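Right, one structure below, let's go through it.
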Amino acid sequence: MRDAARRWRQRAASDHAAWVRERLAERYASETDLRTRLGLPVPPAGRPKRASPREASSVRGLHLADYPDLVLEWAWEGNADLDPARLAAGSHERVAWRCLLTAAHVWETKVADRTYHDSACPYHMGVRVHPAESLAAYFPWLALEWHPTRNALRPDQVTRASAREVVWRCEQGHEWSAPVYQRTLSGSGCPACYRLEAAARTKAGKTRARRDRDGAAMTKVVALHVLPTEGEAV
């Protein structure tokens, strides 16, 4: 447990900025200025003004190549037969994208979702969880306490900063509910084990105090009954 706590402190310290980005991403996921708010790199300028549901005509006549920042996230290996220069900006064809910020983030969505509805990387938006960035990847010792049957998701399907409340089970068989972030951010453990350990410490302290007290009393008793040595006055 001490090694686990030490690893947790090291990870929390080195990943502080990442923690902040993840938690803010959940809060601002629906806002178009997500990257600016999170302090993430902003794609190159040049994207035409985005359409709103009342301005569907604003993408008419444009192609995906007219959105330079989206072309940077075009997954060429997954769209071998397609050309951004010939693909209409309002197309409903599903294509593959690779996140400009994290190359491991690959997903599929319609072209119109990116040009017209202004969708972004679902992993940065908190909609999806990449296995390499999950609770299981960062806190494998906590994943071992994930209840195997009482949770709808697996530990590799939630982020380490998730607010989802899940059921845990310690190696002693105690079960309890707690949000994921509470266990990773504060390092909290099994409440039943904590109470038992606290009771044991209290009992040990009382036993030690009683032993010390009895030992001091016995010392006094022995001192009163020490027989005088030869030559001493009685």
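What follows draws every value from the coordinates through simple rules; no lab data is involved. Nothing here was measured: the structure is a model prediction, and the numbers come from that model. When we count neighbours, we look across all protein chains shown, and the Cβ atoms used for this are built from the backbone with ideal geometry, even at glycine.
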### Task
Only loop residues by DSSP count here, and only those with at most 11 other Cβ atoms within 10 Å; note down the GluC sites (Glu not before Pro) in segment 141-209 that meet that.
171
### Summary
Ordering 92-103, 147-158 by per-residue average of other C-beta atoms within 10 angstrom, highest first, gives 92-103, 147-158
### Task
Step through the residues of segment 166-181 one at a time and calculate ³J(HN,Hα) from phi using the Karplus curve (6.51 cos²θ - 1.76 cosθ + 1.60, θ = phi - 60°), rounding each to whole Hz and writing x for Gly and Pro.
10, 9, 10, 9, 7, 5, 8, x, 6, 10, 7, 10, 6, x, 4, 5
### Query
Among 116-124, 187-195, how do they line up from the highest to the lowest mean number of other beta-carbon atoms within 10 Å?
116-124, 187-195
### Centroid-to-centroid separation of segment 58-120 and segment 166-184 [C-alpha atoms, Å]
41
### Message
5 Å is the cut-off here: which amide hydrogens, built 1.01 Å from N in the peptide plane, fall below it relative to residue 162, excluding neighbours closer than 5 in sequence?
### Response
181
### Query
Around residue 91, with a cut-off of 15 angstrom between Cβ atoms, what is the net charge of the other residues, counting Lys and Arg +1 and Asp and Glu -1?
-1
